[in-house]
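Report on the structure given below.
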Amino acid sequence: MRKRTFPHLLLSALICLTAHQGGLFASEGNNDGLTMEEVFILNDSVALDEVVVTAEHTAREVAPVQQMQGKQLERLAVHSVADALRYYSGIQIKDYGGIGGLKTVNVRSMGSQHVGIFFDGVQLGNAQNGTIDLGRYSLDNMESIALYNGQKSSILQSAKDYASASAVYMRTRKPSFLSTRRNNWNIGLKAGSFDTYNPSLLWEHRIDSTTSSSISAEWLTTSGRYPFTLQKRDGYDTTMVRRNGDVDALRMEAALFGHSTRTDWRAKAYFYNSERGYPGAVVRESPGQLSHQDRQWDTNAFVQGSLRYDASSHYTLQTLAKYAYDYLHYLSDPRLDVSTMYIDNHFRQQEAYVSATHLFTLTPWISLSAATDLQYNTLDADLTDFVFPSRLTALASAATSVDWQRFRFLGSMLFTHVDESTRLQSAQRGTFNRLTPTLIASWKPFEQTEWNLRALYKKIFRMPTLNDLYYTFIGNVNLKPEYTTQYNLGTTYALKPTEGILRRLEIQTDVYYNTVKDKIIAMPTSNQFRWTMINLGYVEIKGIDVALQTDWMTEFVGHALRLTYTFQQAKDMTDPQSPWYGGQIPYIPWNSGSVVYSGDWNKWAWNVSFIYTGERYESVANITENHSQPWYTTDLSLSRTFGIRSFALRSTLEVNNLFNQQYEVVQCYPMPGINGRIKLNLII
């Protein structure tokens, strides 16, 4: 009997599922109108004369922005927010291998700590190390993901929104209902390679005409065991299996939404609990001899709320509030892994945050805003001689927006005050105060043409993390912040013909120059087991980002194409005496890009995506031994939706890394080869 591989079995299952014909077809819309799922639960007797499709044009934004909406995200063959961000220009994702590996995002080579991550309008925090693992955030309930270089183009935002060099905004789905419905259900099941199972549930309930609720839950389990091919230093290949990459994670969210003539508000509670193994690095000289057994347990919980009140046509108030609790337990046992030291650490973080923003619309073309934020962080740990630090951060911003004829201007000034204290008086850092400006402008040369020119200048910084300052034997309380300066010149063009097959065309091109000063790096001391953090680094970054999106229609088939390309030259200019002075910084490719093509016909939808990362170096030493070859992946997805009486069933087949490319995003952390997944969603 012929052996059946996993992709063959998935394809057979999909063919069986799609044998049944039925349902009715509707075009896609955004989340403010009818979604495909909602159209399918209509009775067959209902006729739809017209479906209006609307979308926000990113070409109209003053600051550089890239965005993907729910349907685009749904079609990508990806597991998490980090996977989706790979398709944005100017992005580098550090992926430490497998589903359980840490995934962080770096925008335009300035470092992951300079990226603000916002979840439903409120920033996710990690005062301990400044890093947010985006691999933990699912796309199941995600409405949109937007990446802004600099900051958002709106001045109705909290002071925290101004406080990052770039920002990722994740917006979860807001319930929408057909005229007489009170409940929406979406029951999902994903199963795939590496013993991966991922059931999920979404329940949306309309309480009354102004209030609705949403409850979302998801469980993910996987062994994380996948084969990969490793080339040893002496030249021959060997096949190994990635181990200790298992994950067992539970995510739960509950939200309330309300609106009236002048008020819009939402409240959310979030809970995440996981146990995972960290697979560790694979050493080429002795493959198979290391058995990584590092384990990590995480519990993350927060409650947050936002309120927008339009008091009049001249004044709007926005308030935000949040409380978060994070627990981390990390275990590394040399009895299980002889290559490591014994570590059994427990960390607990708490964060309280409030914000108020006032928007004053003086005339139809000029607005002013003022925002004040307060944030308080504490960190507890069971480390030897730990000082138990706390940090109070106060931010105040003033901004203006001018929109006069074809000219737009945004200017802002951010004041930051940081006060830190510790149980040990001699270890206290004290207070810190800084002012940082931002200037953004755009000009539309011609009234009838959607062509815009834009420019951005921003100076910002990031505070040293509590680990940088206070980690036992390593922290340095005299650290200065890392400063970044950004310059950006760009152009956007948008075309939306009323006739012909082309429905939309948007092109964005940006040229930028960034610097990072006083970069915080770790340096060894006289004892190799004790390092210390110092300000030493200086990096200069020059680059070009290009993004193109287009939609067109042929006969009864809809098409969409998204192209991105990035060229970056990121030089380490720290030490003129170093032999590596002026070299490309680690893991930053000179060339990278992506192509995403999607289409739909009748009840079918498909997606083909391609990612390319060019050559780069894995160390500050740009030598042959550290040179890394280009890598690429190709992913496919195919889905079919069935309308069956009062519910809809959507089945999706995904094949990732179609050509079984063997590659590493981070040195010695091999990525999976070809793998597949099937998804079933029952929408009621």
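The values are calculated or read from the model by the stated rules, or taken from the named source; none is laboratory data. Worth saying up front: this structure is predicted, and the values here are computed from it rather than measured. Note that each Cβ is placed from the backbone with ideal geometry, even for glycine, and that neighbours are counted across all protein chains shown.
Annotation note: of LEU424, LEU469, LEU414, the sole residue that is under 30 Å from GLN508 (Cβ atoms) and of a type in the set (A, V, I, L, M, F, W, C) is LEU414.
Mind counting the residues in the stretch 76-102 that are at pLDDT 80 or above and of a type in the set (Lys, Arg)? Count: 1. Taking PHE647 as the residue in question, decide whether it is touching a Phe, Trp or Tyr at 6+ places or on another chain (Cβ under 9 Å), within 30 Å of LEU178 (Cα to Cα), surrounded by fewer than 20 Cβ atoms within 10 Å (Cβ to Cβ) and of a type outside the set (A, V, I, L, M). So PHE647 fits the description; yes. Would you call ARG616 closer than 24 Å to THR566 by Cβ, crowded, with 21+ Cβ neighbours inside 10 Å and either out of contact with any helix residue (DSSP H, G or I) (no Cβ under 7 Å at 6 or more places or on another chain) or of a type in the set (S, T, N, Q) (or both)? Against the criterion (closer than 24 Å to THR566 by Cβ, crowded, with 21+ Cβ neighbours inside 10 Å and either out of contact with any helix residue (DSSP H, G or I) (no Cβ under 7 Å at 6 or more places or on another chain) or of a type in the set (S, T, N, Q) (or both)), ARG616 qualifies. Residue check: ARG335 meets all listed conditions (1) assigned to a strand (DSSP E or B); (2) of a type outside the set (Ser, Thr, Tyr); (3) more than 20 Å from SER274 (Cβ to Cβ) but one, namely (1).
Scanning the stretch 239-255 for residues that are touching a Phe, Trp or Tyr at 6+ places or on another chain (Cβ under 8 Å) and of a type in the set (A, V, I, L, M, F, W, C), we see that the one that is farthest from ARG225 (Cα to Cα) is MET252. List the pairs whose first member sits in the stretch 482-499 and is under 22 Å from PRO445 (Cβ atoms), whose second member is among the small types (Gly, Ala, Ser) and buried (at least 18 other Cβ atoms within 10 Å of the Cβ), and whose Cβ atoms are under 6 Å apart, counting only residues at least 6 apart or on separate chains? From the stretch 482-499, the pairs are THR492/ALA59; ALA494/ALA59. Among the conditions (1) surrounded by fewer than 17 Cβ atoms within 10 Å (Cβ to Cβ); (2) farther than 23 Å from ASN488 by Cβ; (3) not acidic (Asp, Glu), the only one that TRP631 does not satisfy is (1).
Checking each residue in the stretch 569-603 for being of a type in the set (A, V, I, L, M), under 14 Å from VAL516 (Cα atoms) and either part of a loop (DSSP other than H, G, I, E, B) or without any contact (Cβ under 8 Å) to a residue 12 or more places away in the chain (or both) picks out MET573, ILE585. For the stretch 498-532, filtering for residues that are part of a loop (DSSP other than H, G, I, E, B) and at pLDDT 90 or above leaves 1.
Condition check ((1) part of a loop (DSSP other than H, G, I, E, B); (2) within 17 Å of THR566 (Cα to Cα); (3) of a type in the set (Gly, Ala, Ser)) across all residues:
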{"site": "TYR612", "(1), (2), (3)": "no, yes, no"}
{"site": "VAL620", "(1), (2), (3)": "yes, no, no"}
{"site": "SER637", "(1), (2), (3)": "no, no, yes"}
{"site": "GLY643", "(1), (2), (3)": "no, no, yes"}
{"site": "SER651", "(1), (2), (3)": "no, no, yes"}
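Within the stretch 303-325, being within 29 Å of the chain's Cα centre (by Cα) and either of a type in the set (A, V, I, L, M, F, W, C) or at pLDDT below 95 (or both) holds for VAL303, LEU307, LEU317, LEU320, ALA321, ALA324. Restricted to the stretch 563-590, and to residues there that are modelled with pLDDT of 95 or more and farther than 15 Å from ASN106 by Cα, the residue that is nearest to the chain's Cα centre (by Cα) is THR564.
For the stretch 182-195, a residue qualifies if it is surrounded by 19 or more Cβ atoms within 10 Å (Cβ to Cβ) and of a type in the set (S, T, N, Q), and the qualifying residues are ASN184, ASN186, SER193.
Within the stretch 452-467, residues that are free of Cβ contacts under 8 Å to residues at least 60 places away in the same chain and in a strand (DSSP E or B) sit with their Cβ atoms under 7 Å from residues that are surrounded by fewer than 23 Cβ atoms within 10 Å (Cβ to Cβ) and small (Gly, Ala, Ser), at 6+ positions apart or across chains, in these pairs: ALA455/ALA441.
Counting only residues that are within 30 Å of THR263 (Cβ to Cβ) and of a type outside the set (Ser, Thr, Tyr), the stretch 176-214 holds 16 of them. Looking only at residues that are assigned to a strand (DSSP E or B) and among the hydrophobic types (A, V, I, L, M, F, W, C) in the stretch 654-684, which one is nearest to ALA281 (Cα to Cα)? Among residues in the stretch 654-684 that are assigned to a strand (DSSP E or B) and among the hydrophobic types (A, V, I, L, M, F, W, C), the one nearest to ALA281 (Cα to Cα) is VAL666.
Taking the criterion of being free of Cβ contacts under 8 Å to residues at least 24 places away in the same chain and surrounded by 15 or more Cβ atoms within 10 Å (Cβ to Cβ), the residues of the stretch 200-218 that qualify are LEU201, TRP203.
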